[in-house]
Amino acid sequence: MTAGTSAGPALSRGLRPSAGPQQAGPGGRTRKSLRTDGPAGYFFLSPWILGMLLLTLGPMLASLYLSFTDYNLFTAPEWVGLQNYVDMFADQRWRQSVLVTLTYVVISAPLKLAVALAVAMLLARPRRSQGFYRSAFYAPSLIGASVSIAITWRALFSDDAAVDRVLTALGFPSGGWVGDPSRALMILVLLAVWQFGAPMVIFLAGLKQIPRELYEAAECDGAGPWRKFWSITLPTLSPVIFFNVLMETIGAFQAFTSAFVVSSGNGLGGPAGSTLFYTLYLYERGFQDFRMGYASAMAWMLLLAVGLVTAVLFRTSRSWVFYNDGSS
Amino acid sequence: MLNGERHRSRLLAALACAAVLLLTACGGSGGGDGGDGGPVELRYSWWGNADRAALMQQAIAIFEADHPDIKITPNFSDFAEYWQKLNTESAGGGTPDVLQMDFSYLREYGDRGLLLDLDKSENPVPVNDLLPGLQQAGVVDGQRFAVALSGNTWGLIYDPAAFQTAGVSVPERWTWEEYGAAITKVAQTSGMAGAWDYTSIMGVFEIWLRQQGKALFTEDGRIEATPADLERFWQQGVDLRAAGAFPPQDKVAQALPVTVMGADLAASTVNLDSMVTRYAGESDREFALGALPSSNPADLGIRLRPGILLSAFSGTDHPRQAAQLIDFMVNDPRVGEIFGGNRGLPASNAQRAAATPKLSATDAAVAEYEKTIAQQLTVPSALPPAGVGTADSAFLRINEEMAYGRISVQDAAAQWFSETEAALR
């Protein structure tokens, strides 16, 4: 779980005022062994460094170059300058994929986080068989990315399947969702929301760090549950929320598998292009039409867009993320 | 202690060296052959499932017994992965010596200089036993880049019971108008849609044009049809859909990857005749084959289309042996007997005769159908231009948007033309 481990810095920065003892070691020795073990350290890091250089950085630079060319894998790449980037904006299917992806990100990421926070707050209170519930709610995010779950999901939302029957019994006859362009994307949103385990665990850790005294003091002042949530939980949890918003937004931009499995019919992203994620269209351009230059340009546009969104999030975070690190 | 540590770091270094050596060894060429008297190695790639692979092993065993100096290294994958893999291998200069080829990719590979001219190789592959419509199938601008080993053609696949229940008889020949009226009646009386939306298939559009003496593509790979042609063709589909002759599009999308016919959503379809084997596997219904509708009863506008072709890599070290393998796979009756209808109906008369006793009931029906319209199938198929695969999938996708009512016929036609012009560039 990379999401879980990388939560570390954000958490320790804001919410571990009493973390002192672990950091202070017997100074001299630590420093010396750091110096002499340097080469060995790099040696042991070398698989990662090599992997990063050869499998990530190298291909990324190659793809940057290819994005300025017309390249079909066979003939040598032909330099076309910014043509691929210009073509994109005239490409109807590209514009559709952008729209579908943005819709998906804007709906699925906040919805997933809201569910994750709600469940985390329910599970934060000590109660019996707490461990069981936590595992049970976490389980979907372990299996949710698998192809078999996506296939099951597709079956659930077909005509006369579970979802249709339950809704019909409740008085909302809905029919199948899979073949309906206006609802197919919602299947994928729900599949994403169902996998709320990772942000939930991070929220749980964050909730545990909120000092009890704050709540006790608020209760003495007569604050109700809502007031405590708005004035204590949300502000003290804001660094964790920020981290989760960032991770989930970036993750949602990159969604691929679910749409590939659930909605691939007459071409990718069906029905009628309603689930054409950006990544899906990129795959179609690169690996079905073999227009690698165009696909590379698309990949770099995605990187730029995600970078931009991340930058905007960081900028706005100054006004709503509260770091209780005692410096103010 | 110290000794142990030094020992351990030496071990690590040795392991690292071994790893590096292993990597470079893998990067080296895998063809350990040449003139040193050992058997020549031929890499042979095809698409297909495990069933086909098992049959292929039997065929390869016979070939290797006949030619003790040749060793075959087989490799197979699914259709979609096959092309990804082949493209990547070819980009790296590692095209297999002998490879299965599809009609819609032939020009692309031929134009890139990747394929051997099988007429000029040291052992030209004989094609005189092939069905007349298939003999010239692999020729690109005068060079024989591939030889067809199987063929199929277009037809009407229908469920006789559904038509009978509706009181509609299937004549030997009919026009599109008669067919349209028939499927509308079937839909009205039987509750099942009369047909799968045949206007979603580019191949049917091509046939429809040909029946009127027109063509979809020019010889030099441009679009010859006009947007007005496509609008007329698609308007037929829109009208029939409005009349209820086609199944609702959301049911069609939901049934995928099962086909409309396999999911019992329609009583008939215009499609490649070999598709009936797939439908029969998906559905319990009985299917029959008949001639497809035509605006010109004398000419159905259909051609014998090569199903699978075989090519050799232009850079192969062993052109003679590659040609021998292709000859064996295309012409040897023992291969026809092993495969039956697995690769489609064989292209050569010798293999077709040898395969006949092994054909399933549906394969036999296809063979029978092709026999009844044999006089229509003597003109060879024109080679589709490079990029036709993209045009084909765009046709299906844009038609789907129309079926959902999201786009007008005029806009749909304009969109297909603009996408296809870009793809054929």
Exercise. Among the residues of the stretch B:359-403, which ones have their accessible area go down by 40 Å² or more when all the protein chains sit together, as opposed to their chain alone (1.4 Å probe)?
Worked result: B:390, B:396, B:397, B:400, B:401
For this session: With springs connecting C-alpha atoms under 10 Å apart, model chain B as a Gaussian network and identify which of B:134, B:310, B:86 has the largest mean-square fluctuation.
Result: B:86
For this session: May I ask which residue of B:79, B:55, B:91 lies farthest towards the positive end of the charge dipole of the stretch B:33-112, with charges of +1 (Lys, Arg) and -1 (Asp, Glu) on Cβ and the Cα centre as origin?
Result: B:79
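For chain B, what is the accessible area per residue in Å², given a 1.4 Å probe and the full set of protein chains? Write down the numbers at each step before the final one.
Values: 18290 Å² over 425 residues.
Ligands and nucleic acids excluded, the figure is 43 Å² per residue.
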Exercise. Lysines near residue B:120 by alpha-carbon distance under 29 Å, same-chain residues fewer than 8 away left out - which ones?
Worked result: B:71, B:85
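Tell me: how much accessible area in total is hidden between A and B, 1.4 Å probe, Å², nearest 100? Numbers along the way, then the final one.
Details: alone 19300 and 19450 Å², together 36360 Å².
Roughly 2400 Å² of accessible surface disappears when A and B pair.
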Seminar exercise, completed: Out of B:73, B:184, B:153, a Gaussian network model of chain B with alpha-carbon springs under 10 Å gives the largest mean-square fluctuation to B:73
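Does the protein assembly as shown come out rounded, prolate or oblate by the C-alpha gyration tensor, with a ≥ b ≥ c the root eigenvalues, rounded set by a/c under 1.5 and, if not, prolate when a/b is larger than b/c and oblate if not? Could you put the intermediate results ahead of the total?
Details: a/c = 2.33, a/b = 1.44, b/c = 1.62.
Oblate, because a/c is 1.5 or more while a/b does not exceed b/c.
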Exercise. In the stretch A:101-167, which trypsin sites (Lys or Arg not before Pro) fall in coil by DSSP and have 14 or fewer other Cβ atoms within 10 Å?
Worked result: A:127, A:128
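So what's the back-of-envelope 222 nm ellipticity for chain A, counting only DSSP H runs of four-plus at -39500 (n - 2.57) apiece and dividing by all residues, rounded to 500?
Values: 18 runs with 222 residues, N = 328.
Computed mean residue ellipticity for chain A: -21000 deg cm²/dmol.
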Seminar exercise, completed: Share of accessible surface on carbon and sulfur in the protein assembly as shown, whole %, 1.4 Å probe and ligands ignored, is 61
For this session: Using a 1.4 angstrom probe, figure out how much accessible area the stretch A:74-320 has per residue, in square angstrom, rounded to the nearest whole.
Result: 48
Seminar exercise, completed: Here the relative contact order (percent) of the stretch A:74-320, from C-alpha pairs under 8 Å and at least 6 apart, is 27
For this session: Rounded, prolate or oblate: pick one for the stretch A:234-306, where a ≥ b ≥ c are the square roots of the eigenvalues of its C-alpha gyration tensor, a/c under 1.5 means rounded, and failing that, prolate if a/b is larger than b/c, else oblate.
Result: oblate
Exercise. What stretch of chain B, leaving out the sites themselves, is the longest with no GluC sites (Glu not before Pro) in a DSSP loop having at most 13 other Cβ atoms within 10 Å?
Worked result: B:287-425
Problem set entry | Loop-located trypsin sites (Lys or Arg not before Pro) in the stretch B:159-241 whose Cβ has at most 14 other Cβ within 10 Å (DSSP) | B:173, B:214, B:222
Problem set entry | Euclidean distance between Cα centres, the stretch A:181-238 to the stretch B:182-200, Å | 54
Seminar exercise, completed: Given backbone amide H placed at 1.01 Å from N, residues whose amide H is under 5 Å from that of residue B:70, ignoring those fewer than 5 places away on the same chain, are B:40
Problem set entry | Relative contact order of the stretch B:234-352, defined on C-alpha pairs under 8 angstrom at six or more residues apart (%) | 14
Problem set entry | Per-residue [θ]222 nm for chain B (sum of -39500 (n - 2.57) over DSSP H runs n ≥ 4, rounded to 500) | -14500 deg cm²/dmol
For this session: Determine the shape class of chain A: with a ≥ b ≥ c the square roots of the Cα gyration tensor eigenvalues, call it rounded for a/c under 1.5, and otherwise prolate if a/b is greater than b/c, oblate otherwise.
Result: oblate
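For chain A, give the magnitude of the charge dipole about the Cα centre (Cβ charges: +1 Lys/Arg, -1 Asp/Glu; no others), in debye to the nearest 20. Intermediate values should be presented prior to the final figure.
Details: 24 positive and 17 negative charges, 265 e Å.
The calculated dipole for chain A is roughly 1280 debye.
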Problem set entry | At least 40 Å² accessible surface lost relative to isolated chain, residues of the stretch A:169-217 (1.4 Å probe) | A:179, A:181
Exercise. Tell me, which residues of the stretch B:237-263 get at least 50 Å² less accessible area when the other protein chains come in, versus the chain alone (1.4 Å probe)?
Worked result: B:254, B:256
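The values are calculated or read from the model by the stated rules, or taken from the named source; none is laboratory data. What you see is a predicted model; the values in this text were computed from it and never measured. Quick reminder, even Gly has a Cβ in these numbers, built from the backbone with ideal geometry, and neighbours come from all protein chains shown. Just so you know, the surface numbers come from the protein's heavy atoms only, side chains and all, with ligands and any DNA or RNA stripped out. Shrake-Rupley method; radii C 1.70, N 1.55, O 1.52, S 1.80 Å.
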